[in-house]
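Peer 1: Pasting in a structure now, in structure tokens, and then I'll have a few things to ask.
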Amino acid sequence: MRAMALDAAARSVRLESRAVPTPGPGQVLLRVAACAICRTDLHVVDGDLPDPKPGVIPGHEIVGRVVTRGEGADRYAIGARVGVPWLGFACGECRFCTRGQENLCDAARYTGYQIDGGYAEFAVADERFCFALPDAYADIEAAPLLCAGLIGHRALRMAGEARRLGLYGFGAAAHIVAQVALWEGREVFAFTSPGDTAAQDFARALGCAWAGPSDAPAPVPLDAAILFAPVGALVPAALRAVERGGTVVCAGIHMSDIPAFPYAILWQERVLRSVANLTRRDGEEFLALAPRVPVRVSAEALPLTEAPAALARLRAGQVAGALVLVP
Ligand SMILES: [Zn+2]
Ligand SMILES: [Zn+2]
């Protein structure tokens, strides 16, 4: 099969011919229909995340159809459409798993990082960590729900009841979170890269109350902010933008260093926290919610072999919505 595999020296991926993988016990073999590109894929190829599987095939927002099933795998029928997210395995037994935090599992393994992912014509996945997908979404629209949507959903829950919500970095995740937050009756304020007026226009078109550059002060005090941009300097900016008692959620897996900041901007019970990975419960909740909103996904389909160019565009910030590879 054709696969785009990690080329660590080039900080990119390259086309390789790989054997079609064989599903082990409890696994399904999927023919990949679509795989969205996530900023985390950039962190994998850039070496920001330690110890990827050598030559790993990235991609953890996979939509595929079951081709064959390994021993004991009976959750999905042959031909069923399923989604594969970032969390590819959790042990189910450690202190985190047993208290509902499988996203923090000691032995967790992640798709497209330690397990080969979806930048390929086929992929195998543990059926227990796959999701059934809502019929309302075409393959390329469903793919970005699997990380941009799921992690965004978890981050939004961590932001609590915030009525005025700031989103820093307006890409694939933020464009989905904004729609859910607006549907919930919140006001949304979009902070983009300075000069990215296209993203600001996109945010306003979705219904955001305000959109502007991330180095501008918030037009009104916010109740919470979610940071999707991997820029540590935005942490003090967001703390300054939230009111007393407000929450700042860092939703990315990697961020540049956070500069020193005065205690006064954290004081008054402001909360600074991160969000890591996802649980299967997050996935089930969000995939039930998305068609009710309904979340509309802005996705641009690209051939598999354009993965290097797509990653470069994401690195340069030249993407509104989500990029999706179609093998
Ligand atoms: Zn565990
Ligand atoms: Zn992701």
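Peer 1: Find how much the distance from GLU16 to SER274 grows on full extension, using 0.36 nm per residue of separation minus their present alpha carbon separation; answer in nm with one decimal.
Peer 2: On the way: separation 258, 0.36 × 258 = 92.88 nm, distance 3.57 nm.
Net length gain for the segment: 89.3 nm.
Peer 1: Would you mind calculating the gained length between SER256 and GLU300 on full extension (0.36 nm times residue separation, minus the Cα-Cα distance), in nm to one decimal? Mind dumping the intermediate values first?
Peer 2: Numbers: separation 44, 0.36 × 44 = 15.84 nm, distance 2.77 nm.
Extending this stretch completely gives an extra 13.1 nm.
Peer 1: Could you tell me how far the Cα centroid of the stretch 149-210 sits from the Cα centroid of the stretch 52-120, in Å?
Peer 2: Computed from Cα coordinates, the inter-centre distance equals 28 Å.
Peer 1: Using the Cα centre of the stretch 150-274 as the reference point, and only Cβ charges (+1 on K/R, -1 on D/E), how large is the resulting charge dipole? Debye, rounded to the nearest 20. Spell out each step's value before the answer.
Peer 2: On the way: 10 positive and 10 negative charges, 48 e Å.
So the dipole magnitude of the stretch 150-274 works out to roughly 240 debye.
Peer 1: If you don't mind, another one. May I ask what percent, to the nearest 5, of DSSP beta bridges between residues of the chain are antiparallel?
Peer 2: Looking only at bridges with both residues in the chain, the antiparallel portion is about 50 percent.
Peer 1: Another one. Would you work out which of GLY245, GLN200, SER298 lies farthest towards the positive end of the dipole of the chain, given +1 charges on the beta-carbon of Lys and Arg and -1 on that of Asp and Glu, about the Cα centre?
Peer 2: The residue sitting most towards the positive pole is GLY245.
Peer 1: Separation between the ALA198 and ARG109 pseudo-spin-labels, each 7 Å from Cα along Cα→Cβ, expressed in nm?
Peer 2: Distance between the two pseudo-spin positions: 3.9 nm.
Peer 1: Between CYS250, CYS105, CYS130, which gets the highest mean-square fluctuation from a Gaussian network model of the chain, Cα cutoff 10 Å?
Peer 2: Highest fluctuation of the listed residues: CYS105.
Peer 1: Moving on to the next point. Calculate how large, on average over all directions, the projected area of the Cα convex hull of the chain is; give the answer in nm² to one decimal.
Peer 2: 15.8
Peer 1: Once amide H atoms are built 1.01 Å from N in the peptide plane, which residues 5 or more positions from GLU187, or in another chain, come under 5 Å H to H?
Peer 2: Those qualifying (amide H under 5 Å, at least 5 residues apart or on another chain) are ARG164, LEU165.
Peer 1: Pull up the DSSP beta bridges for the stretch 117-257 and report the antiparallel fraction as a percent, rounded to 5.
Peer 2: 0
Peer 1: If one takes the longest principal axis of the Cα atoms in the chain, at what angle in degrees, from 0 to 90 and to the nearest 10, does the Cα axis of helix 197-206 lie?
Peer 2: 90
Peer 1: Let me ask something else about it. Could you derive backbone 3J(HN,Hα) for the stretch 311-324 from the dihedral phi with the Karplus parameters 6.51, -1.76 and 1.60 (θ = phi - 60°), listing whole Hz in sequence and x where the residue is Gly or Pro?
Peer 2: 4, 5, 5, 5, 4, 7, x, 9, 9, 10, x, 10, 9, 10
Peer 1: Have a look at THR247, THR68, THR192 and tell me which one the Gaussian network model of the chain (Cα, springs below 10 Å) gives the largest fluctuation.
Peer 2: With Cα springs under 10 Å in the chain, the top fluctuation among THR247, THR68, THR192 is at THR68.
Peer 1: What residues qualify as long-range amide H neighbours of ASP7, i.e. H under 5 Å apart, gap of 5 or more or another chain, H built at 1.01 Å from N?
Peer 2: SER12, VAL13, ARG14
Peer 1: Can you tell which of ILE265, ILE37, ILE57 shows the greatest fluctuation in a Gaussian network model of the chain with Cα springs below 10 Å?
Peer 2: ILE265
Peer 1: Given 0.36 nm per residue, what is the gain on full extension from THR68 to ALA312 after removing their alpha carbon distance, in nm?
Peer 2: 84.4 nm
Peer 1: So what's the angle, to the nearest 10 degrees on a 0 to 90 scale, between helix 280-289 and the longest Cα principal axis of the chain?
Peer 2: 70
Peer 1: Based on Cβ point charges of +1 for Lys and Arg and -1 for Asp and Glu, what charge dipole magnitude is obtained for the chain about its Cα centre, in debye rounded to the nearest 20?
Peer 2: Magnitude of the dipole: close to 260 debye.
Peer 1: Could you tell me which GluC sites (Glu not before Pro) in the stretch 1-89 are loop residues by DSSP with no more than 13 other beta carbons within 10 angstrom of their beta carbon?
Peer 2: In loop regions of the stretch 1-89 (DSSP not H, G, I, E or B), the sparsely surrounded GluC sites (Glu not before Pro) are GLU71.
Quick note: the coordinates plus some simple rules give every number you see, no bench work behind them. Since we're looking at a predicted model, the values are computed, not measured. Virtual Cβ from ideal backbone geometry, glycine too; neighbours counted across all protein chains shown.
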